[in-house]
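Heads up: the structure comes next, in structure tokens.
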Amino acid sequence: MGTSLDDPDMTSEALAELVRRGLLVFTRRRLARLADDHSHMFFDQLFDPGRSANATSGQLAEPCLQLTEKEAVINGLSQKWVDKQRANLTLVREIVGDKTPVEAVDYDACLRVRTALARLPANRTKLYGDLPADQAIERAAKEGKALFSPVTQQQYLSAVRDVHDPAAKKRLIPVNPAEGLKPIKRDQSATSQSMASETQGISQTQCCHREECLSHCVTRSSGQNSKCIVSK
């Protein structure tokens with residue numbers, strides 16, 4: 001894993017997960033030997049002797065991009081779409097850091113990525129060229145530039161999730177730390193539409209209370225049968 005058991009930063013949850021997976025490997029290896037099955041070099045990706053002990057975030061991003069390109073070819077997606085996905089991954093790699101160990105990209109790290117995305121200026125490349133993200137954030141704040149919209153932020157957060165999804169499925173990491181992550185700032189237009197829809201629904205349910213309606217509901221019960229008579 002590239003992490004020492006004596007590491008003070010190792011949480012009790014991470015240690016418990018390591019022990020659990022180790023015990024599962026021990027049990028499966030024992031059962032395999034009883035069945036005279038020697039075909040497995042390892043039973044868990046975490047304990048693969050051929051795996052790099054210090055897998056990095058950058059190493060996860062490369063196969064993710066390759067998979068995206070293959071899917072684009074099969075589904076007939078445009079090169080423009082592929083370039084957009086590549087740009088998304090490039091920014092994510094810049095913020096997270098290519099050399100950052102996979103184990104270090106936890107939920108708190110994803111929250112820091114989310115904060116950075118919320119502070120980045122829209123049209124960053126046009127405004128500041130190749131200026132690093134942290135410096136672009138500082139300049140945008142001083143100059144009062146418009147920031148990424150919530151929709152754009154969600155696209156980048158989805159890229160963070162997609163990068164770490166294979167690692168979680170291969171059990172290189174316990175869980176995907178970016179799963180369910182949403183932008184800090186909500187889309188105001190979507191919120192307004194939702195509120196308008198709710199208001200309209202309430203108005204419709206309250207139409208019988210309007211003066212022009214003057215509806216009188218009379219409920220008559222007869223045994224188990226009942227009807228509502230509405231008169232205007």
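Since every read-out is calculated from the coordinates, none of them should be taken as a lab result. None of these values were measured; they are calculated from a predicted model. All Cβ positions, glycine included, derive from the backbone under ideal geometry; neighbour counts span all protein chains shown.
A few points about this structure:
- Highest average packing first - 25-33, 114-122, Cβ atoms within 10 Å: 114-122, 25-33
- Each of the peptides 157-165, 137-145 was scored by the mean count of other Cβ atoms within 10 Å over its residues; in descending order, highest first, they stand as 157-165, 137-145.
- For Thr56, the residues whose amide H sits under 5 Å from its own are Val102, ignoring neighbours fewer than 5 places away on the same chain, with H placed 1.01 Å from N.
- Quick note on region 55-184: its Rg to Rh ratio, both from C-alpha atoms and Rh being the Kirkwood radius, is 0.97.
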